[in-house]
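To keep things clear, I will list the structure first and then write my remarks on it.
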Amino acid sequence: MKLIVVAPALLISLALSVSGCSGDDGSSSAADPAAPGQPAAAPQPPTAVPAAPGKVRSTGLPTVMDAGDGPELCLGAIAESYPPQCGGPAIPNWDWTAYDGTFDQQDDVRWGTYAVTGTWDGTAFTVSDAIMGALYDPMMPEPVVLPEPSVSYSQAELEDISTALADELPGYQSSYADDEGHVLAGVTYDDGSLQAYVDEAYGSGVVVLNGALVDVDQPG
């Protein structure tokens with residue numbers, strides 16, 4: 001029997017050749033790695049306020065305002081005038097006669113503050129229960145523990161992030177940078193998708209979102 005001796009260099013060459021080959025088209029079976037230093041694609045901001053899967057409640061005492069175009073739930077800023085001026089999502093099933101004596105009125109403008117519960121479809125709020133602000137007894141809120149920011153930004157950078165959120169977050173209400181490395185932002189409602197976006201865009205724990213409407217089983 002004839003013994004064939006293969007040189008070590010040839011063995012190495014054969015191994016590299018086998019590991020690099022694939023199908024009949026000669027293409028590599030493994031995906032080529034991204035070019036060194038190539039930045040990852042920037043996450044795309046959500047395009048709409050998410051709808052809630054179940055019942056929601058207001059976290060504060062929003063104003064229900066009806067200036068003649070139908071009742072609206074004011075979840076953002078309110079102009080301190082008389083009558084006040086504000087706007088928000090429509091409440092299609094609001095019936096002022098069911099809340100007689102709980103609201104103010106000047107001419108055709110009616111308004112009042114209420115703790116509301118209902119459903120949220122992303123554009124309109126359907127009320128199922130409303131408690132007049134003067135009669136509402138909120139539960140003692142649990143202490144809020146902010147997460148540790150995974151990325152350290154300067155105060156100027158945090159201010160820039162706060163400004164950018166106004167254009168990035170559907171249902172944006174307000175935001176500000178604290179002195180502990182966070183940007184605290186208010187939105188209409190978040191089913192978790194908005195928080196996931198800001199975590200990906202700026203680092204987890206940097207931007208902390210708070211909804212004006214939250215799921216009824218959410219504490220606080």
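State whether one or more residues within segment 66-79 are touching a Lys or Arg at 6+ places or on another chain (Cβ under 7 Å) and either modelled with pLDDT of 95 or more or not assigned by TED's automatic domain parsing to the domain that holds ASP199 (or both). Yes, segment 66-79 has at least one match. Only a single criterion out of (1) in a loop (DSSP other than H, G, I, E, B); (2) of a type in the set (Gly, Ala, Ser); (3) touching a Ser or Thr at 6+ places or on another chain (Cβ under 7 Å) is not satisfied by GLY186, namely (1). Looking at the structure I just gave you, is ASP160 assigned by TED's automatic domain parsing to the domain that holds TYR176 and free of Cβ contacts under 8 Å to residues at least 40 places away in the same chain? Yes: the conditions hold for ASP160. Those residues that are touching a Cys at 6+ places or on another chain (Cβ under 9 Å) and of a type outside the set (A, V, I, L, M, F, W, C), I need them from segment 44-80; list them, please. Listed by number, the residues that qualify are PRO62, THR63, GLU72, GLY76. The set of residues from segment 177-220 being at pLDDT 95 or above, of a type in the set (S, T, N, Q) and under 21 Å from VAL127 (Cβ atoms) comprises just one member, THR188. Please specify each residue of segment 67-97 satisfying the condition of being within 14 Å of VAL109 (Cα to Cα) and of a type in the set (Phe, Trp, Tyr). Once the filter is applied, which keeps residues that are within 14 Å of VAL109 (Cα to Cα) and of a type in the set (Phe, Trp, Tyr), segment 67-97 yields TYR82, TRP96. Determine, yes or no, whether THR113 is surrounded by 18 or more Cβ atoms within 10 Å (Cβ to Cβ) and in contact with a helix residue (DSSP H, G or I) (Cβ under 7 Å, 6 or more places away or on another chain). For THR113, the condition - surrounded by 18 or more Cβ atoms within 10 Å (Cβ to Cβ) and in contact with a helix residue (DSSP H, G or I) (Cβ under 7 Å, 6 or more places away or on another chain) - is met.
Scanning segment 72-101 for residues that are under 17 Å from THR117 (Cβ atoms) and over 25 Å from the mean Cα position of the chain (by Cα) yields ASN93, TRP94, ASP95, ALA98, TYR99.
Given the criteria of a type outside the set (Lys, Arg), part of a strand (DSSP E or B) and either within 13 Å of the chain's Cα centre (by Cα) or not assigned by TED's automatic domain parsing to the domain that holds THR117 (or both), does GLN173 qualify? Against the criterion (of a type outside the set (Lys, Arg), part of a strand (DSSP E or B) and either within 13 Å of the chain's Cα centre (by Cα) or not assigned by TED's automatic domain parsing to the domain that holds THR117 (or both)), GLN173 qualifies. Listed by position, the strands (runs of 3 or more DSSP E) contained in segment 50-145 that have at least 2 residues being among the small types (Gly, Ala, Ser) are 109-120, 125-132.
Give the residue, chosen from ALA196, ALA212, ALA166, ALA201, that is under 18 Å from ALA48 (Cβ atoms), in contact with a strand residue (DSSP E or B) (Cβ under 7 Å, 6 or more places away or on another chain) and surrounded by fewer than 19 Cβ atoms within 10 Å (Cβ to Cβ).
On inspection, the qualifying residue turns out to be ALA166.
Farther than 20 Å from ALA42 by Cβ and more than 14 Å from the chain's Cα centre (by Cα): is that true of ASP121 in this structure? Criteria met by ASP121.
The values are calculated or read from the model by the stated rules, or taken from the named source; none is laboratory data. Since this is a predicted model, take the numbers as computed values, not measurements. No Cβ is skipped: glycine too gets one built from the backbone with ideal geometry, and neighbour counts run over all protein chains shown.
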